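For reference, the structure discussed in these notes is given below.
The values are calculated or read from the model by the stated rules, or taken from the named source; none is laboratory data. These figures come from a predicted structure and were not determined experimentally. As a convention, Cβ positions derive from the backbone with ideal geometry for all residues, glycine included, and neighbour counts pool all protein chains shown.
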Amino acid sequence: MIDQYKRSIDYMRISITDRCNLRCTYCMPEDVEKLEHDSILTYEEILRICRSASTLGIRKIKITGGEPLVRKDSVKLMADIKAIPGIEYVTLTTNGVLLEEHVEELARIPLDGVNVSLDTLNPDTFRNITRRDEFLKVWNGLQKIIKSGIPTKINCVPQKGVNEEELMDIAELAVKLPVDVRFIEMMPIGYGKEFEPIKGEDIKSRIKEKYPNIISQKMRRGFGPAEYII
């Protein structure tokens, strides 16, 4: 597909559930109202949409939520999407809580990539951000998915006064482990409006101060435009 700005559109995100097993302070309240099951797409409907999208030139599909892995048989759905003619890449964004128990299934698909949300390496800070005591599950899932060979990214949302002092430790995971680390600026919408963001230029300056020999370049890699520091 070509949009009105002559850009090729080959990527689609699909949210398969509104439910999540964490309650991150900038994202979801404790008392969020859940959609009824009849109000969300069935797997059959999702597959029909994906088949139609593939005929229009969609080649890459990312499965998101909520937390996708809380929905029953979500891994089978990913396998079914990957089997659609024309679909070349299927990836997953997850908070990692249930990741460890699904790694073997995801590797058998084989899934083309996993983005794990991780805002802190401190269990206490993790509990404060997510309002759940699940850091160890996320960390173990991250280690296991890395060992599986599935390309892995860590998504971190920088927050002033919350995880600000850890950002370079999180960035250093890209040096110590075979992962990409991506900092995503807090969006001033919804509950995110209550938090003071840390700007991308600030984070880039900190990284360059710690690693003066890095190269920064704007390029298209993967599913979208970003500035990569290598």
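Across region 62-81, a minimum of one residue is classified as touching a residue at least 40 places away in the same chain (Cβ under 8 Å), under 19 Å from Ile9 (Cα atoms) and surrounded by fewer than 19 Cβ atoms within 10 Å (Cβ to Cβ). The residue of region 150-192 that is farthest from Glu104 (Cα to Cα), among those that are acidic (Asp, Glu) and part of a loop (DSSP other than H, G, I, E, B), is Glu185. Right, Ser148: surrounded by fewer than 18 Cβ atoms within 10 Å (Cβ to Cβ), hydroxyl-bearing (Ser, Thr, Tyr) and without any contact (Cβ under 8 Å) to a residue 24 or more places away in the chain or not? No; evaluated as a whole, the condition is false for this residue. Just to be sure, is Asp31 part of a helix (DSSP H, G or I) and over 22 Å from the mean Cα position of the chain (by Cα)? Taking the combined requirement at face value, the residue does not satisfy it.
List, please: which pairs have Cβ atoms under 9 Å, are six or more places apart or on different chains, and start with a residue in region 134-145 that is closer than 13 Å to Asn122 by Cα and end with one that is at pLDDT below 95? Close Cβ pairs satisfying both conditions: none exist.
Candidates are the residues of region 19-44 that are more than 17 Å from Leu69 (Cβ to Cβ) and of a type in the set (D, E, K, R); the one that is modelled with the lowest pLDDT is Glu33.
In region 145-166, what count of residues is obtained for those that are under 14 Å from Leu118 (Cβ atoms) and over 15 Å from the mean Cα position of the chain (by Cα)? Outline the logic, then answer.
Keep residues of region 145-166 that are under 14 Å from Leu118 (Cβ atoms), which gives 145-146, 152-159, 162-163, 166.
Checking the rest, the ones that are also over 15 Å from the mean Cα position of the chain (by Cα) come to 159, 162-163, 166.
Here the count works out to 4.
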